[in-house]
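The values are calculated or read from the model by the stated rules, or taken from the named source; none is laboratory data. Since we're looking at a predicted model, the values are computed, not measured. Glycine also receives a Cβ, built like all others from the backbone with ideal geometry; neighbour counts cover every protein chain displayed. With ligands, DNA and RNA removed, areas are computed over all heavy atoms of the protein, side chains included. Shrake-Rupley method; radii C 1.70, N 1.55, O 1.52, S 1.80 Å.
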Amino acid sequence: MPFSSFPRGSVASFFCIVLAASGFLAMAKEDQRLGQTVTPVSESVRLTLDAAQPAYTGSARIELQVRQEVSSFRFHAQEMTLDRVVLTAAGGREIPLEHQPGDLGLVTLSFKEPLAPGAYSLDIDFSARFGTRAVGLYRVEQANLSYTFSQFEADDARRAFPCWDEPSFKIPYQLTMVVPEGHMAVTNTPVEKETVTAGWRTTVFRKTPPLPSYLLAIATGPFDTLEIPGMSIPGRVVTVKGKKNLAALAAASTPPLLAALEKYFDRKYPFEKLDLIAVPDYWPGAMENPGAITFSEPLLLVDQASGSPAQIRNLERTTAHELAHMWFGDLVTMEWWDDLWLNESFADWMGDKIASQVSPEFRLDLSELQSVEGTMSGDARPSAQAIRRHIDPADNKLENVGTAYNKGKTVLGMFETWAGPEKFRQGVLDYLQAHAGGNATASDLWSAVSKAAGRDMRPAMESFLDQAGLPLVSVEPVGEGSVRISQSRFANFGVRMPQQNWQIPLTLKYSDGATTRTKTLLLDKEAQTVDLGGPIAWVLPDAEASGYYRWSVPPAMLRRMADDAPRTLSDRERIGFLGNLSALLDAGAIHGDDYLNVLGKFSADPQPLVLSEVLGSLEKVKFAFVPDESRTLFAGYVRATLGPALERFGLAGKPGEAQSVSMVRPQLIGWLGVEGEDTRVLEQARTLAKTYMADPKAVDPSLAAVALRLDALDGDRALFDEFRRRFETATTPQERERYLGALGSFRDPAISEEAVKYSLEGKLRPQEIFQVTRGMGSTSKGRDRLFQFITENYPTIISRIPPQFAGFMPFFAAGCEPQRLEAAKTFFADPAHSAQGTSTTLARVTDMVNDCVSLRQREGAAVSAFLSQAGASR
């Protein structure tokens, strides 16, 4: 399940973490699991679904095995009415029972006489209302037509039908759906039988292989489909009516990705068919339901003519991620949510590897390296969480998914390098072979990889999995040809945390000034001395930026690497160098003026994606050091630093240019227009925006969104109304996103208030509500207004957004302003404002604000002096 990407430090970053359980801790935590005394063997579900109606009915038959004598047992059924509940013993004898609903969707069945061990059948007739917030089984209205879709991860299958809604209960399901005759039903398996009677279509689907409930998929409505040729199994893209024409790129890009994965895993795709389903109202981005992957429309329906290179890259990357899940997560499933990383870390690592192999021009290896930096920044704070941690049933099971994605995949890559790619792959194949069709834990994977690698990798791997935070690797010369390498826990300035030790696979890159070499070792103690065999000009402790750790070297060595970076460091190493430099600033190891000086040097880097990392670093500078009253001073620095790069790349695309240039150009234009206040860029953007509104095909797709946003900056009410009209009548997901983003970019206070009002009253989908106001988070005043908006409208917002987002509302207190943080602590202390996960989010926000305030107090004067001098000299 990939989540949308957001800039580091963005208020909107809370979208990347999702799914809170709906209940509270009304019972002992150890009593919230269903246990293994009574377990399902298989389940048949029949659903009558008319998407035009607010409710539906269904029935379920669950074959059970009672393993020891019991007087009661439980299952999950949440927010539904159980109209009939019958338990039948072997031979057809009905067992008298009582049923009682409880917290977390738990239903308890009690019996006057204890059940003897053996086989039983549980039959349930039920009725429920469709959801409206994109979780469980929910309705969607689109162009006056009605559809139903599902999203069950982590624990929302229980909102759709009675089930054992825990990942260890991996059983076959057989679904039957009754829908209006003009509708189609889709689930994980192909159709077994279909009949039409009296205006209703009854579709019986083939039984699934063993699956956990969270991987089941349901979609019904008047769909269009486009076949996907060239795969080892049949496949389609499924869209709402009228959008089939946008599916061609998805259909064309999927077969080579699937073929590359089948080759890596040395086995055929493990399910009977593959449908890619485009869902209009959808918050996760995509979901790996086997045979029926669901995607948000903007991710899947990317038109070749109107999609930007970044959108096409995201389509391929997301599809590769979800397809990797077919093996990791679906064929082999985690035993419990403690090991969510087994699904997500591996799928993200594997998906990036395969997408890079199939489409190397997008340089995913570089762009994803940038995304890891935000997770590493969080790991330097007290609120950091381990990749693998204990999860209780009432917890937000995907709360820490960002760590699982970015930290997890980086750790996997680090250990692949240490073991060797082929040995690591063999361990993965052995793991899949041993656990296919079942469940597994982290220990199972480590055992397989260790055996294939011929060394016990478990202690080293677990040191990164089970500990929060990250190490700092320090290198000091100690005589001719030798260095002392030591480790400590990395922390931001002034933060005190318990000392920890890791077992760190290191690859050093070092030079004598003429020749560059590498050396791989395991740092498994606090410090050790390493002989590098000759004179040392510099040492880069993280060759190819493949490690999950920060590093430090003597200042002279750091300056030497920075000065000669384009010649001596690879593209990845230069991005890693900048990310590490930012961390050293946070830790107080370098000063703000020195930091800006280095950023200025890297702005001339020949690799556009290195420049993108510079922009991310400048976002940090703006956030921490540029209050609203200093924006003019900062604008001069931005123009001087970034202007030459835009001159080099040009305001418009050129035939045959690298995709990385096309992806970075709009970032440069946006920075120079908004933060640099560059009049030439703003004039060009206004011209492009008018051209786009007259004829979208006449504008480079990569520039359309930034042109509209820049045009909005000084736009009037008439332009706002026109953007709103075009948003509401957009014919492609990309057009809708572009106008939605522009609506929140108007700087006129009255229009900005109108945008805030529209975010709740407009024709927005649940996942779009905060997209209107996202741009307001770029200034202190804007962040204050956003927080005011959240607190004044909290009940309304919570009723509109997916329930998973409620615990992440404290992110709207993020920034560099302690007074807003104090107001947030007061507001969220009220139980009425404290959904599941709120306290964890508030702790993270507290760390973020404290770090920013500390950095501003410590380095603000040096940065202001540097910016003033830079402006005067230019």
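Quick notes
- Conditions (1) within 30 Å of the chain's Cα centre (by Cα); (2) surrounded by fewer than 16 Cβ atoms within 10 Å (Cβ to Cβ); (3) closer than 20 Å to residue 707 by Cα: number failed by residue 657: (3)
- Selection within the stretch 255-277 - touching a strand residue (DSSP E or B) at 6+ places or on another chain (Cβ under 7 Å) and either touching a residue at least 60 places away in the same chain (Cβ under 8 Å) or surrounded by fewer than 17 Cβ atoms within 10 Å (Cβ to Cβ) (or both): 273, 275, 277
- Being of a type in the set (Gly, Ala, Ser), outside any helix (DSSP H, G or I) and modelled with pLDDT under 95 holds for only one residue in 741, 676, and it is 676.
- Within the stretch 680-698, the residues that satisfy the criterion of being over 27 Å from residue 613 (Cβ atoms) and either open to solvent by 30 Å² or more (accessible area, probe 1.4 Å) or at pLDDT below 95 (or both) are 683, 686, 687, 690, 691, 693, 694, 695, 696, 697, 698.
- Spans of strands (runs of 3 or more DSSP E) in the stretch 66-133 with at least 1 residues open to solvent by 80 Å² or more (accessible area, probe 1.4 Å) and out of contact with any Leu (no Cβ under 9 Å at 6 or more places or on another chain): 80-89, 106-115, 118-129
- Criterion applied to 195, 208 was being modelled with pLDDT of 95 or more, assigned to a strand (DSSP E or B) and among the β-branched types (Val, Ile, Thr), and the one residue passing it is 195.
- Residue count for the stretch 745-757, restricted to those that are over 27 Å from the mean Cα position of the chain (by Cα) and crowded, with 23+ Cβ neighbours inside 10 Å: 1
- For the stretch 821-856, a tally of residues being in contact (Cβ under 8 Å) with a residue 40 or more places away in the chain and either under 22 Å from residue 492 (Cα atoms) or among the polar types (S, T, N, Q) (or both) returns 13.
- Residues being out of contact with any Pro (no Cβ under 8 Å at 6 or more places or on another chain), farther than 28 Å from residue 856 by Cβ, in a helix (DSSP H, G or I) and open to solvent by less than 40 Å² (accessible area, probe 1.4 Å) - total across the stretch 619-654: 1
So that you can scan it fast, the table gives a plain yes or no per residue for (1) under 30 Å from residue 804 (Cα atoms); (2) touching a Cys at 6+ places or on another chain (Cβ under 7 Å); (3) open to solvent by 10 Å² or more (accessible area, probe 1.4 Å); (4) part of a loop (DSSP other than H, G, I, E, B):
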position: 368; (1), (2), (3), (4): yes, no, yes, no
position: 371; (1), (2), (3), (4): yes, no, yes, no
position: 407; (1), (2), (3), (4): yes, no, no, no
position: 426; (1), (2), (3), (4): no, no, yes, no
position: 434; (1), (2), (3), (4): no, no, yes, no
position: 448; (1), (2), (3), (4): no, no, yes, no
position: 455; (1), (2), (3), (4): no, no, yes, yes
position: 462; (1), (2), (3), (4): yes, no, yes, no
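- Looking only at residues of the stretch 708-725 that are touching a residue at least 24 places away in the same chain (Cβ under 8 Å) and crowded, with 21+ Cβ neighbours inside 10 Å, we find that the one that is farthest from residue 680 (Cα to Cα) is 720.
- Screening residue 814 on (1) of a type outside the set (Ser, Thr, Tyr); (2) farther than 30 Å from residue 636 by Cα; (3) within 21 Å of the chain's Cα centre (by Cα); (4) open to solvent by less than 30 Å² (accessible area, probe 1.4 Å) shows it passes everything except condition (2).
- Residues within the stretch 294-349 that are over 26 Å from residue 189 (Cβ atoms) and hydroxyl-bearing (Ser, Thr, Tyr), tallied: 3
- Residue match in the stretch 736-744 (condition: in contact (Cβ under 8 Å) with a residue 12 or more places away in the chain, open to solvent by less than 20 Å² (accessible area, probe 1.4 Å), touching a helix residue (DSSP H, G or I) at 6+ places or on another chain (Cβ under 9 Å) and among the basic types (Lys, Arg)): yes
- Residue within the stretch 520-538 that is closer than 30 Å to residue 328 by Cβ and not in a strand (DSSP E or B) present: yes
- Qualifying residue in the stretch 174-182 (condition: farther than 19 Å from residue 59 by Cβ, open to solvent by 30 Å² or more (accessible area, probe 1.4 Å) and assigned to a loop (DSSP other than H, G, I, E, B)): yes
- Residue 672 in contact with a Phe, Trp or Tyr (Cβ under 9 Å, 6 or more places away or on another chain) and either over 23 Å from residue 856 (Cβ atoms) or among the hydrophobic types (A, V, I, L, M, F, W, C) (or both): no
- Residue match in the stretch 340-360 (condition: open to solvent by 10 Å² or more (accessible area, probe 1.4 Å), over 14 Å from the mean Cα position of the chain (by Cα) and aliphatic (A, V, I, L, M)): yes
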